[in-house]
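K.L.:
So that we are looking at the same thing, I have put the structure below in structure tokens.
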Amino acid sequence: MPLLKVREPALNQLLEYAQRTNKPTGSATTTSGNPIVEKDASLTAGPRGVILFQNYDMVDELAHFDRERIPERVVHAKGAGAFGYFVVTNDITQYTAASVFSAINKRTSIAIRFSAVAGEMGYADSVRDVRGFAIKFYTEDGIWDLVGNNTPLFFVKDPVNFMSFIHVLKRNPVTHLRDPEQFWDYLTLRPESLHQTMIVYTDRGIPDGYRHMHGYGADTFSLLNDQGVLVYCKFHHFTDQGIKNLDPQDAIRIAGEDPDYFTRDLYNSIAAGNYPSWRMFIQVMTQKQALESPFDPFDVSKIWPHADYPLIPVGKFELTRNPDNYFADIEQLAFDPAHLIPGIEPSSDRFIQGRLFAYGDTQRYRLGTNYNQIPVNNNVRVRNFSRDGKFTLHSQNGAPIYHPNSFGGPEPDPRAKALSPEFPIVGNAVRYDNGNDDPYSQPRVLWVRVLDQGEKERMVENIVLGNGLMALRDASDFIQNRAIVNFTNVHPDFGRMVRDKLSAQLQFTAQL
Ligand code: HEM
């Protein structure tokens with residue numbers, strides 16, 4: 001066997017296999033494990049004749065091939081993932097009784113999948129987009145999925161608006177092209193999207209790989225301690241590799257030269273033992289603070305200011321193992337914000353409420369009824385009253401399929417019950433469109449206090465020219481004007497700079 005060449009680990013995968021096994025693998029078989037006679041020629045009537053129907057091994061392989069693709073994720077289709085551990089570094093038991101945080105140095109196995117939101121499975125990694133940052137914790141209480149992004153907030157905040165927002169990010173159904181007209185039309189009609197839109201068009205809109213970005217749970221969760229006291233919480237994960245972004249022109253070049261740039265970087269760094277890690281923090285808000293808050297703490301288009309709600313260190317996680325098989329381990333990973341453990345609950349954040357339904361629903365379609373029995377999606381033996389369905393793997397040892405029963409079947413968990421207190425629901429039922437609940441103050445803070453002059457200029461240029469996402473210059477004039485009004489509401493300088501850049505573009509185009 002040739003020596004492994006000094007080149008990136010991803011290119012050595014097959015050589016490594018050969019060195020590891022160091023001998024022929026054994027007989028090739030059909031999918032039912034029966035040895036096959038010949039792999040490279042089908043069974044024919046003579047050298048030039050037809051193929052015989054009894055050529056089962058070929059039929060077996062063809063039929064499997066015909067079914068090798070499953071529906072890709074409706075969003076976040078392109079991604080990469082890996083495995084590792086989470087370790088508690090700081091005591092937060094005063095806020096939550098969740099077993100994953102119960103003791104300093106406690107370790108929990110995790111899987112992470114990073115992704116880009118808008119494009120399809122074959123999308124280039126280095127486009128301008130929000131990145132997904134989903135973590136699966138294999139806890140002793142079953143799965144906890146913290147399904148976040150690399151931004152602390154979202155474009156819209158009522159799940160009823162999520163589908164429209166995703167539609168304008170995706171292809172126009174007639175042209176089958178991404179469409180700046182529909183994109184900027186929608187965003188400018190929903191000014192609550194301003195804050196997130198600005199962030200996507202800043203330098204952070206194109207990270208230099210998944211290792212160089214932060215992650216955020218974004219939604220507001222509830223934490224319960226062992227006294228049953230409830231606080232609200234946001235999760236933050238800060239990269240130990242440091243934030244690094246790609247210059248848009250480099251990103252566009254890389255999109256052509258190596259569309260899998262982020263995926264390659266993650267695989268190679270883990271394979272080389274250069275394990276990426278992040279530190280986890282929480283922000284905490286009491287129920288009293290939530291009642292008195294000048295902004296809606298359950299509005300996912302807003303952040304909680306760090307000065308008022310400081311970051312509390314919690315732990316660290318590190319990715320130490322690449323998947324054995326991408327499809328089995330990563331494509332079949334099913335993250336679901338409804339997978340929660342005792343001590344962590346949803347809140348009245350509308351978005352998290354909508355998300356509690358959508359993920360399991362799509363995964364039953366994408367992966368099948370028993371998707372939670374796929375090994376990568378579960379670490380504990382499930383004890384419930386459901387059986388059957390495609391690909392049932394567990395019999396549950398003959399336990400009753402109804403409750404109550406007289407035969408010692410599983411019972412609800414008293415600890416989970418204790419950590420699930422009554423909570424009041426108030427207010428009259430009404431369809432309240434909260435899109436105009438002060439969409440400008442927080443984007444103004446971003447403009448005035450966070451971005452320096454260079455960052456402002458680059459953001460404005462990215463908005464107007466697109467630089468990896470849809471360009472405002474390609475939208476109709478009336479949409480551009482509406483965008484300028486919205487940006488002016490954030491800050492007059494912002495509106496003016498976008499207007500000037502657009503007119504410069506117009507003059508430039510007129511000269512061509
Ligand atoms: C009402 C709002 C939302 C709905 C209806 C929704 C729906 C979905 C659906 C259907 C998927 C595909 C899941 C799969 O096929 O396994 C998905 C994936 C994802 N969503 Fe959402 N989503 C919403 C909001 C959000 C927000 C606010 C975030 C981040 C803060 C987020 C982060 C993600 C991530 C990271 C994935 C990919 C998970 C993976 O890697 O498998 N989503 N979402």
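K.L.:
Please give the Cα centre distance for segment 221-247 versus segment 124-168, rounded to the nearest Å.
P.N.:
Here the answer is 14 Å between Cα centres.
K.L.:
Calculate the length of the line joining the C-alpha centroid of segment 331-359 to that of segment 16-42, in whole Å.
P.N.:
Using only Cα atoms to place each centre, the spacing works out to 42 Å.
K.L.:
If you wrap segment 79-381's Cα atoms in a convex hull and average its projection over all directions, what's the area in nm²?
P.N.:
Approximately 16.1 nm², given one-decimal rounding.
K.L.:
Restricting to Cα pairs below 8 Å that are 6+ residues apart, what does the relative contact order work out to for the chain? Please round to a whole percent.
P.N.:
17
K.L.:
Report the extension gain between residue 38 and residue 272 in nm, rounded to one decimal, defined as 0.36 nm multiplied by the number of residues separating them, less their alpha carbon distance.
P.N.:
Going from the current span to full extension adds 80.4 nm.
K.L.:
Along segment 318-323, what does the Karplus equation 6.51 cos²θ - 1.76 cosθ + 1.60 (θ = phi - 60°) give for ³J(HN,Hα), rounded to whole Hz, x for Gly and Pro?
P.N.:
Listing the rounded values in order: 9, 9, 10, 9, 7, x Hz.
K.L.:
Separate question: Note down the net charge around residue 346, summing +1 for each Lys or Arg and -1 for each Asp or Glu among other residues with Cβ under 11 Å from its Cβ.
P.N.:
Residues near residue 346 contribute -1 overall.
K.L.:
Rounded, prolate or oblate: which fits segment 1-117, taking a ≥ b ≥ c as square roots of the Cα gyration tensor eigenvalues, rounded meaning a/c under 1.5, else prolate when a/b beats b/c?
P.N.:
Prolate, because a/c is 1.5 or more and a/b exceeds b/c.
K.L.:
Starting from the 7 Å offset along Cα-to-Cβ, what nm value, one decimal, do you get for the label separation of residue 415 and residue 61?
P.N.:
Placing both labels 7 Å along Cα→Cβ, they lie 5.1 nm apart.
K.L.:
Output the pairs from 234/417; 170/302; 136/157; 106/136; 170/390; 136/316 with a Cα-Cα distance over 26 Å in this structure; if there are none, say none. Please report the intermediate quantities before stating the final value.
P.N.:
Working: 234/417 23 Å; 170/302 24 Å; 136/157 24 Å; 106/136 16 Å; 170/390 32 Å; 136/316 14 Å.
170/390, as the Cα separations exceed 26 Å there.
K.L.:
Which whole-number percentage describes the relative contact order of segment 440-511, with Cα contacts under 8 Å and a sequence gap of 6 or more?
P.N.:
Here the relative contact order equals 32 percent.
K.L.:
What is the list of residues in segment 91-120 whose amide nitrogen lies under 17 Å from a point 7 angstrom out from the Cα of residue 229, following Cα to Cβ?
P.N.:
Taking a point 7 Å out along Cα→Cβ of residue 229, the residues of segment 91-120 whose backbone N falls under 17 Å are 91-98.
K.L.:
What FRET efficiency comes out for the pair residue 166/residue 257, r = Cβ-Cβ distance, R0 = 41 Å, nearest 0.05?
P.N.:
It comes out at approximately 0.90.
K.L.:
Count the net charge of all other residues whose Cβ sits under 11 Å from the Cβ of residue 34, scoring Lys and Arg as +1 and Asp and Glu as -1.
P.N.:
-2
K.L.:
Given the alpha-carbon gyration tensor of segment 265-415, what are the semi-axes of its equivalent ellipsoid in whole angstrom, ordered largest first, with each equal to the square root of 5 times an eigenvalue?
P.N.:
33, 26, 16
K.L.:
Can you give the longest stretch of the chain with no exposed loop site, where a site means GluC sites (Glu not before Pro) in a DSSP loop (not H, G, I, E or B) with at most 16 other C-beta atoms within 10 Å? Show your work: numbers first, answer last.
P.N.:
Values: sites that count: 38, 68, 72, 120, 140, 422.
So the longest stretch without any such site is 141-421.
K.L.:
Shape call for segment 440-511 from the C-alpha gyration tensor, a ≥ b ≥ c root eigenvalues: rounded (a/c under 1.5), prolate (a/b greater than b/c) or oblate? If you can, show how the numbers build up before the last one.
P.N.:
Details: a/c = 1.98, a/b = 1.55, b/c = 1.27.
Cα axes put segment 440-511 in the prolate bin.
K.L.:
When all alpha-carbon pairs of segment 66-170 are counted, what percent fall beyond 16 Å?
P.N.:
Values: 3714 of 5460 pairs.
Pairs farther apart than 16 Å: 68 percent.
K.L.:
From the helices alone, meaning DSSP H stretches of at least four residues, give me the mean residue ellipticity at 222 nm for the chain, per-run term -39500 (n - 2.57), in deg cm²/dmol to the nearest 500.
P.N.:
Rounded to the nearest 500, the figure is -8500 deg cm²/dmol.
K.L.:
Let me understand segment 370-466 better: what is its radius of gyration from the alpha carbons, and its Dmax, in angstrom?
P.N.:
26.3, 72
K.L.:
Probe radius 1.4 Å, ligands and nucleic acids left out: which of 288, 316 has the largest accessible area, and how do the rest follow?
P.N.:
288, 316
K.L.:
Decide, for the chain, between rounded, prolate and oblate: order the square roots of the alpha carbon gyration tensor eigenvalues as a ≥ b ≥ c, take rounded if a/c falls under 1.5, and otherwise choose prolate if a/b is larger than b/c, else oblate.
P.N.:
oblate
The values are calculated or read from the model by the stated rules, or taken from the named source; none is laboratory data. None of these values were measured; they are calculated from a predicted model. Heads up, the Cβs are rebuilt from the backbone with ideal geometry, glycines too, and the neighbour counts pull from every protein chain shown. Heavy atoms of the whole protein, side chains included, go into the accessibility calculation; ligands, DNA and RNA do not. Shrake-Rupley method; radii C 1.70, N 1.55, O 1.52, S 1.80 Å.
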